[in-house]
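Shown next, in structure tokens, is the structure this report addresses.
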Amino acid sequence: MLIITLTTDWKDGDYNIGRLKAHIISCSTDICIVDITHNIQLHNTLQAAFVLKNTYRHFPVGSIHVIGVNSEPSPKNPIALMKNDEHFFVGANDGLLSLICDSQPESVIELPYNDNYHGFRLMDLLSNCIKAISIGLKLEEFGNVCELYRAFTGNASCYESRITGRIIYIDAFGNAITNVDKETFEKISKNRKFEIYIQSSMVKITKLAQYYDDVEEGKIIAMFNSIGLLELAMNNGNIAKLYSLDTKSTIIIQFSDRI
């Protein structure tokens, strides 16, 4: 059975979700469609890449992951089929696909489409992908090999005693996940004391927690989550809503022996 996942910014209830699913099922009855999410912020490629990068490995190899964010093809917005880590990804070659990969992908091709067709072109492109992958066609035989457009990854900036990072994702509970990974934190920390500043000096955290309830209800915490990224949260609260945090918000971690 072929697994096809959908990650879009179309929002739940959009009729295009039903259209796309119907089109996919019409390609084969031996297909399982999984909705990862349809609630990506509009045109937020960074959020879409974060969600898919941290979910696709839980699916069987050979799965096709469709990214419906900026996904209507045009000469200025080509749609690509990428093979990476034995998974297939269909999405705009605008930098989003590059954010999913930790290294150079196995192959990337630009998907051909009929420029005379006006409408939901992604459906035709996807049905062609399904057919090609189902029969084991090499990607190079299906389309033109192209370069993967590289986007700015948004890595944290590191200095001798400071890390400047940003929030890259806010989950359904209002927890704010940053781009500061545990390895970077420990490398700069050198076991020194630290202060984490959110939104300049509005909020300050001076220690790491292991569990959400390590502090009293309503208190904020910083912890490294299951994917190794620094997460800011509030015990039984919504830190993003309380402090108006979004994916443009920055954090500063200051290390010192004198703190």
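Values quoted throughout were computed directly from the atomic coordinates according to the rules given, and no laboratory measurement underlies them. Everything quoted here is computed from the prediction, not taken from an experiment. Here the Cβ positions follow ideal geometry from the backbone for every residue, glycine too, while neighbour counts run over all protein chains shown.
Quick notes on this one:
- Taking other residues whose beta carbon is less than 15 angstrom from the beta carbon of residue 151, and scoring Lys, Arg as +1 and Asp, Glu as -1, yields 0.
- Remark on the chain: Rg and Dmax equal 20.8, 68 Å (Cα only).
- Relative packing of peptides 88-94, 141-147 - highest average C-beta neighbours within 10 Å first: 88-94, 141-147
- Between 0 and 90 degrees, the angle of helix 121-134 with respect to the longest Cα principal axis of the chain falls at about 80 degrees.
- Among the trypsin sites (Lys or Arg not before Pro) in region 1-63, those placed in a DSSP loop whose Cβ has at most 15 other Cβ atoms within 10 Å are 11.
- Size estimate for region 150-257 follows the Kirkwood approach: the inverse of mean 1/r over distinct Cα pairs works out to 13.9 Å.
- Whether region 13-58 is rounded, prolate or oblate, judged on the alpha carbon gyration tensor where a/c under 1.5 counts as rounded: oblate
- Whole-number D in µm² s⁻¹ for region 8-127, Kirkwood Cα-pair radius fed into Stokes-Einstein, 25 °C, 0.890 mPa s: 167 µm²/s
- The residues neighbouring residue 220, those whose beta-carbon lies less than 12 Å from its own, together hold a net charge of -1 under the Lys/Arg +1, Asp/Glu -1 convention.
- Estimated from helices alone, the mean residue ellipticity of the chain at 222 nm is -6000 deg cm²/dmol (sum of -39500 (n - 2.57) over DSSP H runs with n ≥ 4, per residue).
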